[in-house]
Amino acid sequence: VVHSGAFRDLDLLVVKALEPGPSEDAELRDPTAEEIAELRSLRTERHNPLPDDAYWTGLLTRIDRLGGPGGDELARQAHLVAEGLGGAPVVFAGGHGDWTPWNMVATDRHLYVWDWERAVGEVPFPLDVIHYHTQRAWFRSGRPLIQAITAGLSAAHRALADAGLPGDHAVPLSRLYLVDLALRYAENALAGTDELLSPQQDEVMRTLRSYRLGE
């Protein structure tokens with residue numbers, strides 16, 4: 001970071017090139033448990049049942065704003081998540097929002113991460129971990145999303161175990177990830193990128209409707 005401050009009504013961040021950046025000592029490796037814990041620690045944790053948290057209120061507001069049959073389906077799926085968690089507290093902590101292999105580079109000493117524009121508040125842990133492994137399998141390996149989410153689910157189990165959290169949260173939180181991903185694509189479509197993202201959005205909705213992993 002070269003400079004962090006404000007300009008008029010905007011936050012301003014100036015950064016220089018990565019050091020060492022993608023070079024001979026860069027590795028193709030996943031973020032470690034310690035690096036995931038560091039991401040989680042970027043915001044003060046809170047433990048709330050999902051329906052009692054501001055995240056849930058914001059999610060339902062976004063879904064309601066979407067409206068239509070798509071909004072109705074996402075609302076139904078979101079309530080299935082709440083039912084699956086059964087009122088148990090969920091850990092809300094720091095998150096990146098687009099934690100993917102193409103938004104980071106790892107060396108033997110550091111993990112460099114960029115594109116933080118979606119890091120807007122505390123999110124359920126470990127949505128970022130699910131996103132990373134699902135996106136890698138879906139786009140890097142070219143697997144159908146219904147198969148790729150299996151990688152995300154497996155990663156969620158490991159992350160929850162590493163953090164000493166209930167493993168039975170993995171399935172409902174994986175469903176919550178798909179709800180959030182579908183909503184993200186739908187919001188992007190409303191912003192004018194429908195032609196680009198509609199195939200992915202359709203696949204997310206199909207996967208949500210057929211999602212039975214671990215149930």
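Here is a list of conditions, (1) assigned to a helix (DSSP H, G or I); (2) loosely packed, with under 14 Cβ neighbours inside 10 Å; (3) not hydrophobic (A, V, I, L, M, F, W, C), and GLY152 meets all of them except one; can you say which number that is?
All conditions pass for GLY152, except number (2).
For the structure I just gave you, tell me whether VAL105 is outside any loop (DSSP other than H, G, I, E, B) and of a type outside the set (Gly, Ala, Ser).
Working: outside any loop (DSSP other than H, G, I, E, B): yes; of a type outside the set (Gly, Ala, Ser): yes.
So VAL105 passes the test.
Could you give me the residue pairs with C-beta distances under 7 Å whose first residue belongs to the stretch 99-115 and is within 14 Å of LEU39 (Cα to Cα), whose second residue is at pLDDT 90 or above and of a type in the set (Ser, Thr, Tyr) wherever it lies, and which are 6+ apart or on separate chains?
Listed pairs, sorted by first residue: TRP99/TYR132; THR100/TYR132.
Can you confirm whether PRO69 is touching a Lys or Arg at 6+ places or on another chain (Cβ under 6 Å), of a type outside the set (Asp, Glu) and under 30 Å from SER198 (Cα atoms)? Don't jump to the end; show me each part of the working.
Working: touching a Lys or Arg at 6+ places or on another chain (Cβ under 6 Å): no; of a type outside the set (Asp, Glu): yes; under 30 Å from SER198 (Cα atoms): yes.
Judged against the criteria, PRO69 is not a match.
Please tell me if VAL2 is farther than 22 Å from ASN188 by Cβ, hydrophobic (A, V, I, L, M, F, W, C) and touching a His at 6+ places or on another chain (Cβ under 7 Å).
Spelling it out, it is not the case that VAL2 is farther than 22 Å from ASN188 by Cβ, hydrophobic (A, V, I, L, M, F, W, C) and touching a His at 6+ places or on another chain (Cβ under 7 Å).
Do we find that ASP128 is more than 14 Å from the chain's Cα centre (by Cα), outside any loop (DSSP other than H, G, I, E, B) and at pLDDT 95 or above in this structure?
Numbers: more than 14 Å from the chain's Cα centre (by Cα): no; outside any loop (DSSP other than H, G, I, E, B): yes; at pLDDT 95 or above: yes.
When the stated conditions are applied, ASP128 does not pass them.
Going through the stretch 137-175 one residue at a time, which ones are out of contact with any helix residue (DSSP H, G or I) (no Cβ under 6 Å at 6 or more places or on another chain) and of a type in the set (Ser, Thr, Tyr)?
Those that are out of contact with any helix residue (DSSP H, G or I) (no Cβ under 6 Å at 6 or more places or on another chain) and of a type in the set (Ser, Thr, Tyr): SER141, THR150, SER154.
Yes/no matrix, rows are residues, columns are (1) more than 30 Å from VAL1 (Cβ to Cβ); (2) modelled with pLDDT of 95 or more; (3) under 12 Å from the mean Cα position of the chain (by Cα); (4) open to solvent by less than 50 Å² (accessible area, probe 1.4 Å):
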site	(1), (2), (3), (4)
VAL123	no, yes, yes, yes
GLN147	yes, no, no, no
ASP162	no, no, no, no
LEU173	yes, yes, yes, yes
VAL179	yes, yes, yes, yes
LEU190	yes, no, no, no
ASP194	yes, no, no, no
GLU203	yes, no, no, yes
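In this structure, is GLY68 small (Gly, Ala, Ser) and either more than 28 Å from GLN201 (Cα to Cα) or surrounded by fewer than 16 Cβ atoms within 10 Å (Cβ to Cβ) (or both)? Explain how you work it out, then say what you get.
On the way: small (Gly, Ala, Ser): yes; either more than 28 Å from GLN201 (Cα to Cα) or surrounded by fewer than 16 Cβ atoms within 10 Å (Cβ to Cβ) (or both): yes.
For GLY68, the condition - small (Gly, Ala, Ser) and either more than 28 Å from GLN201 (Cα to Cα) or surrounded by fewer than 16 Cβ atoms within 10 Å (Cβ to Cβ) (or both) - is met.
Within the stretch 19-26, can one find any residue that is modelled with pLDDT of 90 or more, more than 30 Å from ALA78 (Cα to Cα) and outside any strand (DSSP E or B)?
No, there is no match, as no residue in the stretch 19-26 is modelled with pLDDT of 90 or more, more than 30 Å from ALA78 (Cα to Cα) and outside any strand (DSSP E or B).
Which condition number in (1) surrounded by fewer than 20 Cβ atoms within 10 Å (Cβ to Cβ); (2) closer than 15 Å to ILE36 by Cβ is the one that PHE139 fails?
For PHE139, the exception is condition (2).
May I ask you to say which residue of ALA186, ALA191, ALA137 is closer than 27 Å to LEU28 by Cβ and in a helix (DSSP H, G or I)? Break it down into steps so the answer makes sense when it comes.
On the way: ALA186 fails: closer than 27 Å to LEU28 by Cβ; ALA191 fails: closer than 27 Å to LEU28 by Cβ.
Just one listed residue meets the conditions, ALA137.
The values are calculated or read from the model by the stated rules, or taken from the named source; none is laboratory data. As the structure is a prediction and not an experimental result, all values here were calculated from the model. Counting neighbours? That spans all protein chains shown, and the Cβs are built from the backbone with ideal geometry, glycine included. The accessibility values were calculated without ligands, DNA or RNA, using every heavy atom of the protein model including side chains. Shrake-Rupley method; radii C 1.70, N 1.55, O 1.52, S 1.80 Å.
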